[in-house]
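Written below as structure tokens is the structure these notes are about.
The values are calculated or read from the model by the stated rules, or taken from the named source; none is laboratory data. Since the structure is predicted, the reported quantities are computational estimates derived from the model, not experimental observations. Methodologically, a virtual Cβ is constructed for each residue, glycine included, from the backbone with ideal geometry; neighbour enumeration extends over all protein chains shown.
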Amino acid sequence: MKNIVTEAKKNYLKLSKPRSCNLSFYVNYWVKETNLRNYVSKKIQKISPGSDFKNNNDLSSAVKEYFSILSIDEMNYLHREIMSVFPYSKRVQTAEKNKSLFHRLEKSFIKLTLARNKLAIDQGYSNYVDLIVNHDKLPKNSYQKFIKKIDLVISLINNKLPKSANFPNWFYSSLNIPCFICQMPFPDLKRQEIIKLTEEKYSILKKFKNKISIFFGDNAQTTYHKETNTFKIMLLKDTNKRHRIIDFIHELGHIIYWLESFKNNKNPLELGRYKAEKFAVEVEVKILEEIFPSVLESKFGDILLMFWRILFEIHIYENPKKSSPKLYSQLFNRCFLEAHQTNNWLYLVDERIVSKPLSSLSQTIAYFEALFNNYVKNSK
């Protein structure tokens, strides 16, 4: 511990100004971040396709079985072929050709959900959803409010979705992910313009904007680097400029959250994922609502997709043996009121649902609360 403190103090003196926090807090953060990183590296058992699975527990066996049928690379390729290729008739052909594969995967998928529930129960939780709620420090009342009031938000934002006569007739089909952001007009914006507009609303950003760097990768996320007191925003490399702009605004919200936390001597690592997502979502919605309202309306479609996926994941971990293809379609129709799907098997080739279930639970409920507070309350 003494060596860690000494290292932190020496590093603080090397930091270029402005510094985001004082020496005492910086040392405290450094120690806790180092200890947390060391703890995680020792405790986490990595479960990935192709690993040896030396601990032959239910979850590792279920993961191994699933990816022996369809590897992650094959899964992502098949997902693109079914959801993205043109003409649309090719998607239909690919889906038909893989029907037997879907039936095989469905059996393994049920084993995955049961194994994750067992993992959660063994740790003292009621099911896997309960484990994630606690891990993210998601308030139980916020979760229950989402379950009880979600249809109010769904109905309201369906009425605000952009309307166009140019949407293809398969826009809401089971072989397409409806994206209003890509369909509707979009402002021509540069990242520096977005930073300027955001700092007008959140002045703390202005002081530290030169400590932000941007690069592209497989996720949209923000990381704080204690060694340099800087922030790095990663934007998705495999998406278009429109989605990157919206993601960028959201990630700026995370940076503002970190800066405000440091300013108030609060460690973001101890506050939990939910608080971070709630703050970032509120920044994003505020910027879009005040400056780019048409973009926010297009974003509503993406939020409905998040509701769909999370509602599905909650349902399957509460009842893993329910008819999932039918359920997946029913929940899509619940979120997109103009849709009439019947059986949708494509959750079986969605890497997020298969490999990272409920990873967006906190963010989804943060969007729900922001929209509930902004629109449902104000409509009464």
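For Asn117, only one of the following conditions fails: (1) over 20 Å from Met306 (Cβ atoms); (2) modelled with pLDDT under 95. What is its number?
Looking at each condition in turn, Asn117 falls short on (2).
From the set of residues in segment 113-134 that are assigned to a helix (DSSP H, G or I) and free of Cβ contacts under 8 Å to residues at least 60 places away in the same chain, which is farthest from Ser61 (Cα to Cα)?
Asn134
Residues to consider are Glu74, Glu65, Glu81, Glu96; find the one that is free of Cβ contacts under 8 Å to residues at least 60 places away in the same chain, over 17 Å from Trp345 (Cβ atoms) and among the charged types (D, E, K, R).
Being free of Cβ contacts under 8 Å to residues at least 60 places away in the same chain, over 17 Å from Trp345 (Cβ atoms) and among the charged types (D, E, K, R) holds for just one of Glu74, Glu65, Glu81, Glu96, which is Glu65.
Would you check if Val295 is within 30 Å of Ile194 (Cα to Cα), out of contact with any Phe, Trp or Tyr (no Cβ under 9 Å at 6 or more places or on another chain), among the aliphatic types (A, V, I, L, M) and assigned to a helix (DSSP H, G or I)?
no
Quick check on segment 85-140: of everything there that is among the hydroxyl-bearing types (Ser, Thr, Tyr) and out of contact with any Leu (no Cβ under 6 Å at 6 or more places or on another chain), which residue is surrounded by the fewest Cβ atoms within 10 Å (Cβ to Cβ)?
My answer is Ser100.
Keeping to segment 134-179, report how many residues are closer than 24 Å to Ile246 by Cα and of a type in the set (Phe, Trp, Tyr).
4
Residue by residue through segment 331-380, note down the ones that are over 22 Å from the mean Cα position of the chain (by Cα), assigned to a helix (DSSP H, G or I) and without any contact (Cβ under 8 Å) to a residue 12 or more places away in the chain.
Scanning segment 331-380 gives Lys377, Asn378.
If you take the residues in segment 169-223 that are surrounded by 16 or more Cβ atoms within 10 Å (Cβ to Cβ) and of a type in the set (Gly, Ala, Ser), which one is modelled with the lowest pLDDT?
Restricting to residues being surrounded by 16 or more Cβ atoms within 10 Å (Cβ to Cβ) and of a type in the set (Gly, Ala, Ser), the top hit is Ala220.
Taking the condition of being in contact (Cβ under 8 Å) with a residue 60 or more places away in the chain, part of a helix (DSSP H, G or I) and surrounded by fewer than 20 Cβ atoms within 10 Å (Cβ to Cβ), how many residues in segment 316-328 meet it?
Counting residues in segment 316-328 that are in contact (Cβ under 8 Å) with a residue 60 or more places away in the chain, part of a helix (DSSP H, G or I) and surrounded by fewer than 20 Cβ atoms within 10 Å (Cβ to Cβ) gives 2.
One residue is enough: does segment 276-283 have a residue meeting the conditions modelled with pLDDT under 95 and in contact with a Ser or Thr (Cβ under 6 Å, 6 or more places away or on another chain)?
Checked segment 276-283: no residue is modelled with pLDDT under 95 and in contact with a Ser or Thr (Cβ under 6 Å, 6 or more places away or on another chain).
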